[in-house]
Every structure is written in structure tokens, then in C-alpha cells.
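Below is one structure, written out as C-alpha cells; comments come after it.
The values are calculated or read from the model by the stated rules, or taken from the named source; none is laboratory data. What you are looking at is a predicted structure, and each value in this text was computed from that prediction instead of being measured. Counting neighbours? That spans all protein chains shown, and the Cβs are built from the backbone with ideal geometry, glycine included. To get the accessible areas, we keep the full protein, side chains included, count just its heavy atoms, and leave off ligands, DNA and RNA. Shrake-Rupley method; radii C 1.70, N 1.55, O 1.52, S 1.80 Å.
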Amino acid sequence: MEDDTIIVESPEEVGADIYRRVIIDVLSDLALGRVLMKARAFVDVTEPVFIFLGLRKKGIPSVKIRDFADLEIGGYGKSEVLIFLNKEAYIPQLLNKLWERYGRGNISQEERTTIVVETPDYMTEVDLLGDMVIDEKVQEINDRIVDAMLRIIPEGFRVRYHQLTDEYILFVASEDPIKQEWKDRAVSMRDQMLHEVGLNA
């Protein structure tokens with residue numbers, strides 16, 4: 001997800017920059033850049049209110065191992081492929097796929113971000129592995145989105161209102177009961193973003 005697709009508004013410019021960086025980091029850590037095409041947030045700690053809106057991409061492209069990892073063959077005399085993970089979000093799906101193809105006994109994970117695949121055909125398997133698709137179910141993606149929101153929302157903002165649809169994610173959070181004007185602002189942000197990308201609210 002490109003940095004310029006994430007906009008954060010706040011009465012405090014410094015606060016906006018900090019939250020923008022937090023949002024970029026969290027979406028990257030949870031590999032959600034492929035899921036969201038645009039994100040906008042509004043934060044005002046004096047109100048206090050936090051609004052997050054993200055537009056989802058249509059027909060999420062399949063995720064391949066090379067999208068989140070670097071691959072290389074093992075050292076001299078070793079029949080293995082090394083997978084160096086850049087993101088940890090896919091580890092469970094990846095291990096299941098590898099166990100299915102190579103058997104549990106041929107897969108080892110010495111470090112959290114390094115997986116070793118033992119295979120006699122390591123020269124050809126290194127390319128095949130790069131293109132291996134790690135399927136994602138909608139529920140898994142939604143779970144990651146909720147996880148991201150819990151990390152992004154300011155601490156103490158435990159009162160929440162949200163909408164999670166196939167087109168967008170909308171979260172409003174506060175320390176206080178959610179006001180109608182905040183919901184209205186969120187809906188207005190949603191409608192504007194949908195209009196910008198040619199979708200109708």
C-alpha cells in the first residue's frame with residue numbers, strides 16, 4: 001500500500017503524522033496493503049474521537065510466497081530451500097501448505113522468520129515455491145482487519161462502533177459514548193471516498 005493512499009486528519013499536525021506512521025506500520029505488519037486501496041482517518045484526542053475508514057480492493061489478488069518472503073537455495077552440499085519471511089502474518093497458512101507438499105519432517109523453522117525446506121529438487125523447487133499461492137479466506141482477512149484496528153485505535157478508546165462490508169471498513173472509537181455527529185462524519189468520509197473511486201455509497 002502506497003503511503004500517499006493513507007490520509008490522516010487531526011487538529012494537531014504532529015498527532016496526524018504520528019498516527020499516519022502507526023497506520024502504515026500496522027497495515028504493513030499484518031499484510032493488509034493488498035486488501036485496502038485507500039485509508040483515511042480522523043483523530044481528535046480532545047473530543048475524544050478516532051475515525052478510521054478503509055476501502056477494500058475488489059477481487060483480492062492471490063498471495064504468493066514471493067510477495068512476502070525472499071527465497072534462496074541452501075549452502076554448498078545442502079539440498080534445501082531457505083524462506084526468509086518479511087511479514088509474519090502468513091506463517092500458519094504457509095506452514096500448512098509446506099507440510100502438505102513436502103511432509104512435516106522436511107520442514108524446519110529454526111527462527112520465527114526463517115523456514116527451511118529439505119528437498120532433493122531444490123534447484124527447481126526454489127522457483128515453484130516462489131509462485132506457490134497462499135490462499136486467504138475472507139474471514140481470516142476480516143480477523144486481521146479487526147486486529148489492525150485494535151492496534152491502531154488510541155489506548156483507552158474502548159467504546160466502538162464499526163461496519164465491515166465487502167467494500168469498506170468503518171471504525172469509530174472513543175472513551176465516551178459514540179455521538180451521532182461522529183457517525184455522521186464517518187459516513188460522510190465513507191461516501192466521499194466511495195465517490196472518489198467511482199463507487200456509490
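Restricting the first member to the range 39-53 and to residues that are closer than 13 Å to A16 by Cβ and touching a residue at least 24 places away in the same chain (Cβ under 8 Å), and the second to residues that are open to solvent by 10 Å² or more (accessible area, probe 1.4 Å) and of a type in the set (D, E, K, R), the beta-carbon pairs closer than 6 Å and six or more apart or on different chains are F42/E9. Within the range 179-198, the set of residues being of a type outside the set (D, E, K, R) and without any contact (Cβ under 8 Å) to a residue 60 or more places away in the chain comprises Q180, V187, S188, Q192, H195, G198. Close contacts from the range 109-128, counting a first residue that is in a helix (DSSP H, G or I) and a second that is of a type outside the set (D, E) and at pLDDT 90 or above, with Cβ to Cβ under 6 Å and a gap of 6+ residues or different chains, come to Y122/I73; Y122/S79; Y122/V81; E125/V81; E125/T119; V126/L71; V126/I73; V126/V81.
Name the single residue, out of those in the range 34-67 being surrounded by 14 or more Cβ atoms within 10 Å (Cβ to Cβ) and of a type in the set (V, I, T), that is nearest to the chain's Cα centre (by Cα). Filtering the range 34-67 for residues that are surrounded by 14 or more Cβ atoms within 10 Å (Cβ to Cβ) and of a type in the set (V, I, T), the one nearest to the chain's Cα centre (by Cα) comes out as V35.
Being modelled with pLDDT under 90, in contact with a His (Cβ under 9 Å, 6 or more places away or on another chain) and open to solvent by 50 Å² or more (accessible area, probe 1.4 Å), is that true of even one residue in the range 129-145? No: zero hits. Across the range 129-138, the number of residues qualifying as more than 17 Å from Y168 (Cβ to Cβ) and part of a helix (DSSP H, G or I) comes to 2. When restricted to residues that are open to solvent by less than 70 Å² (accessible area, probe 1.4 Å) and either without any contact (Cβ under 8 Å) to a residue 40 or more places away in the chain or of a type outside the set (S, T, N, Q) (or both), the range 68-96 contains 18. Criterion applied to A148, A186 was being closer than 27 Å to K87 by Cα, surrounded by 15 or more Cβ atoms within 10 Å (Cβ to Cβ) and touching a Leu at 6+ places or on another chain (Cβ under 6 Å), and the one residue passing it is A148. When residues in the range 93-128 are screened for being touching a Leu at 6+ places or on another chain (Cβ under 6 Å) and closer than 19 Å to A31 by Cβ, 1 of them pass.
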